[in-house]
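Asks: Below is one structure. I have some questions about it.
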Amino acid sequence: MAPSIREIATHFHFRSPNAVTAHLAALRNKGALQRIPRRARSLQVISPYAPRNRPRSPVVAIPIYGAIAAGLPRDATQENEGCLLIDVNTLGIKPTARTFGLKVQGDSMVGKHIMDGDVVVIEHGVQPRSGDVVAALIDGQVTLKTFLLQRGKPYLRAENPKYPDLIPQEELQIQGVMMALVRKRN
């Protein structure tokens with residue numbers, strides 16, 4: 001949800017809401033923001049790369065909830081680490097309220113071109129198919145692996161021969177299926 005004019009004024013230490021209104025009008029004139037008429041909190045950031053003669057696609061914020069091991073599974077806690085802004089048409093996905101990002105730590109998924117430091121975009125609540133990359137809770141620890149079925153039994157495979165397959169001893173819960181990958185250049 002977009003912030004209100006008063007919230008923007010407070011955040012940027014403006015003394016007057018009129019200053020916010022003037023700044024927002026300038027950003028709309030430059031094509032960086034759009035607003036739905038007669039609707040509160042309807043500001044949307046517009047992609048600067050969209051063609052000028054067509055409506056620009058919206059930019060959405062995907063929350064990043066910490067890191068996930070792409071190696072041996074480990075204990076993890078969910079931590080809000082900000083947001084990843086993406087142009088909806090660029091990734092070809094439609095984020096929902098169940099979409100989130102995780103920073104990858106490790107090299108067990110290099111066979112799927114997922115590197116240490118990448119951000120995987122995960123959709124919670126999607127039923128995985130064999131071969132999908134998933135964020136999984138296996139025997140109380142989390143990891144990013146390829147989900148596979150063998151004779152009807154699920155297991156997780158690393159995409160690096162240095163790491164073993166993971167067969168659940170007690171439980172395997174799929175936390176979400178990878179929908180996209182974002183790599184930050186250094």
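Asks: Only residues in the range 114-127 that are more than 15 Å from T146 (Cβ to Cβ) and assigned by TED's automatic domain parsing to the domain that holds R98 count as the first member; pair them with residues that are of a type in the set (K, R) and at pLDDT 95 or above, Cβ under 9 angstrom, at least 6 apart or cross-chain, and list the lot.
Replies: If the second residue must be of a type in the set (K, R) and at pLDDT 95 or above, no pairs are left.
Asks: Right, here's the next one. What pairs come out if I take residues in the range 20-43 that are within 21 Å of T10 (Cβ to Cβ) and pair them with residues that are assigned to a helix (DSSP H, G or I) and not aromatic (F, W, Y) whose C-beta lies under 6 Å away, six or more apart or interchain?
Replies: V20/I5; V20/I8; V20/A9; L33/L27
Asks: Sticking with this structure for a sec: Given I138, I93, I86, I68, which one is in contact with a Leu (Cβ under 6 Å, 6 or more places away or on another chain) and modelled with pLDDT under 90? Full working, then the answer.
Replies: Values: I93 fails: in contact with a Leu (Cβ under 6 Å, 6 or more places away or on another chain); I86 fails: in contact with a Leu (Cβ under 6 Å, 6 or more places away or on another chain); I68 fails: modelled with pLDDT under 90.
On inspection, the qualifying residue turns out to be I138.
Asks: Among (1) within 16 Å of R183 (Cα to Cα); (2) touching a His at 6+ places or on another chain (Cβ under 9 Å); (3) not β-branched (V, I, T), which single condition is R98 missing?
Replies: Unmet condition: (1).
Asks: Right, another one. Does K103 satisfy being under 17 Å from the mean Cα position of the chain (by Cα) and either in contact (Cβ under 8 Å) with a residue 24 or more places away in the chain or assigned by TED's automatic domain parsing to the domain that holds A67 (or both)?
Replies: For K103, the condition - under 17 Å from the mean Cα position of the chain (by Cα) and either in contact (Cβ under 8 Å) with a residue 24 or more places away in the chain or assigned by TED's automatic domain parsing to the domain that holds A67 (or both) - is met.
Asks: Return yes or no: is V59 in contact with a helix residue (DSSP H, G or I) (Cβ under 8 Å, 6 or more places away or on another chain), more than 30 Å from D165 (Cα to Cα), among the aliphatic types (A, V, I, L, M) and modelled with pLDDT of 80 or more?
Replies: Spelling it out, it is not the case that V59 is in contact with a helix residue (DSSP H, G or I) (Cβ under 8 Å, 6 or more places away or on another chain), more than 30 Å from D165 (Cα to Cα), among the aliphatic types (A, V, I, L, M) and modelled with pLDDT of 80 or more.
The values are calculated or read from the model by the stated rules, or taken from the named source; none is laboratory data. Because the structure is a prediction, the values reported are computed rather than measured. For neighbour counting, all protein chains shown are included, and Cβ atoms are generated from backbone atoms with ideal geometry for every residue, glycine included.
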